[in-house]
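Presented below is the structure to which this report refers.
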């Protein structure tokens, strides 16, 4: 049994999930976050990737643009541009993180990769459940809308019925005119 399996608190899913960002329509993890999780330096991780760059096509990994870096700084994902030391961060998609397991072969890297993959799967399930809940909510709102229309129609009929009863009552209680027989 691996050290990670024995002690799940080594890299809790929450810690990994907090490092997963949504960028360019993908869930990604930045290189310096991965280096932190793997317990290595960012430059060492980048060197390993550059030595095996053919394993990382653009749908596995991409460099951030200046505007994306500015956006991450403004959202406090990156404390400041100086934190990057002049290097442009790599963003790894889920498949890119999986590919890292073939590049980084230490026991810790393998254990961390397994935990990261499980976290991606957990997030995907949560997203699916969320989408299911949204669908269910829309269905309920639609039914409520239909029921509201039906209830409004019932109230309209009740008002018409009440008016008809009131008119009938007024008709019966009106003063009679014409010949009255006396008995």
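Values in this text are rule-based calculations from the coordinates and carry no lab data. Bear in mind the structure is a predicted one, so any value in this text is a computation, not a measurement. FYI the Cβ positions are ideal-geometry reconstructions off the backbone, even for glycines, and counts take in every protein chain you see.
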Arranged from highest to lowest average of other beta-carbon atoms within 10 Å per residue, in what order do the peptides 119-126, 169-176, 152-159 appear? 119-126, 152-159, 169-176
Once you treat every alpha carbon in segment 113-170 as an equal point and sum by Debye, what is log10 I(q)/I(0) at q = 0.24, 0.25 Å⁻¹? -0.90, -0.92
Summing -39500 (n - 2.57) over every DSSP H run of at least 4 residues in the chain and dividing by its residue count gives a helix-only mean residue ellipticity at 222 nm, to the nearest 500 deg cm²/dmol, of -20500 deg cm²/dmol
Ordering of 60-67, 26-33 by packing [mean C-beta count within 10 Å, highest first]: 26-33, 60-67
What FRET efficiency comes out for the pair residue 128/residue 36, r = Cβ-Cβ distance, R0 = 25 Å, nearest 0.05? 0.30
Return the FRET efficiency for the residue pair residue 162, residue 140: r is the Cβ-Cβ distance, R0 is 35 Å, and the value is rounded to the nearest 0.05. 0.65
For segment 41-112 and segment 121-168, what is the centre-to-centre distance using only Cα atoms, to the nearest Å? 48
I need 78, 53 ordered by Cβ neighbour count within 10 Å, fewest first. 53, 78
Relative contact order [Cα under 8 Å, 6+ residues apart], the chain, whole percent: 22
Computed lengthening from residue 59 to residue 149, 0.36 nm per intervening residue step minus Cα-Cα distance: 27.5 nm
Rounded to the nearest 0.05, what FRET efficiency is calculated for residue 50 and residue 17 with R0 set to 25 Å and r the Cβ-Cβ distance? 0.35
Using alpha carbons only, how many degrees (0 to 90, rounded to 10) separate the axis of helix 42-51 from the longest principal axis of the chain? 80
The whole-number value in µm²/s of the Stokes-Einstein translational diffusion coefficient for segment 38-183, with Rh from the Kirkwood sum over alpha carbon pairs at 25 °C and 0.890 mPa s, is 110
